[in-house]
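Report on the following structure.
Values in this text are rule-based calculations from the coordinates and carry no lab data. Source: prediction; values computed, not measured. Here the Cβ positions follow ideal geometry from the backbone for every residue, glycine too, while neighbour counts run over all protein chains shown.
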Amino acid sequence: MGRAFSASTSAIDPAERIAFWNAGSSRIGGVRAESISDVFDAEVAHRRLDNMSVFRLCSTPHRVTMNPLAPTRDAMLRLRYQQTGETLIFQGNKSVQLLPGDWMIIDPQQQQSAINHGDVSHLWLEVPCSSLQLTDLEAVHAMISPLPLNRTTGGNLRESMLHAITAPGDMSQDEARDLARQLTSMFRKALDGLTGGRVPQSPRSDLALRAREYIDRNLHDPDLSLDQIARALGCTRRYVHKTFDGSETVSRYIWNRRLDLCRSRLEKQGEQSTTLTALAFDYGFNSSSHFSRSFRERFGTSPSSYLAQVQQAKG
């Protein structure tokens, strides 16, 4: 869980790159690529998170057919984000042009082909339908069009996917599970908008989503507590606890989210524009030592050491 994998054709003889790429594509279901440029070059970064996968593909111009995933008991859905370049996608008897910034739902159980006339890069999120609690699969599978996401939802989803890809090393089981839960929640929001509310939620799953959204909005409040969350949602403490399905306590979820956001802030800083103490207090920690101890327990290194690694990587 949380393991990272990457591969590139850059060290492969140009005459053998297409064969190498096609042979090594099983991690994303298998592809048949055909270069339409003088020299083909591509790279993939992949991370497994609990029961889902996140990957990023970058390549020179080429045509590609993605093999359908074999039917399984738990069908999968993919969400694609076009980072750079333009791609013309064909699925079934429909086609759509993706431009930078576009999102799209992909049904990996159907054969799909695409033409990339220039250099492209794109992010993919693959999630089991059971995790999304989908009941109207036909409504989702029948759609092939750019997915309209508002700036906040799209930006949060994109940044979380990028974090999954760029985070150094393997993630711990807890970290991978937390990130998978966040991505699933955001993917579900995207589907709700796409299907016009035809993806129903159970009362408990709806409350779980509202609880996590409330927590995320109030992470800067040092007094954030189970009592406060229950009052805000109009339910009992016990019922809030139940929405977390025993995977972790509400308190642990709060502190893990704070730590994840602190780490993201450190990654974005590059240069130390704020002190670690200020960062700790900004996210509800009562002292810099509490922050440092918690950060080390979660990520295996101190915040100062992690910031130094980020600054070194950025040169």
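The table for this structure:
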read-out: In nm, spacing of pseudo-spin labels at H117 and D216 (7 Å Cα→C-beta vector); value: 3.6 nm
read-out: Residue exposure sequence - E297, E248 - by fewest surrounding Cβ within 10 Å; value: E297, E248
read-out: Within straight-line cross-link reach of K268, aspartates and glutamates at Cα separation under 18 Å, skipping those fewer than 8 residues along the same chain; value: E159, D260, D282
read-out: Highest-first arrangement of 77-90, 157-170, where packing means the average Cβ count within 10 Å; value: 77-90, 157-170
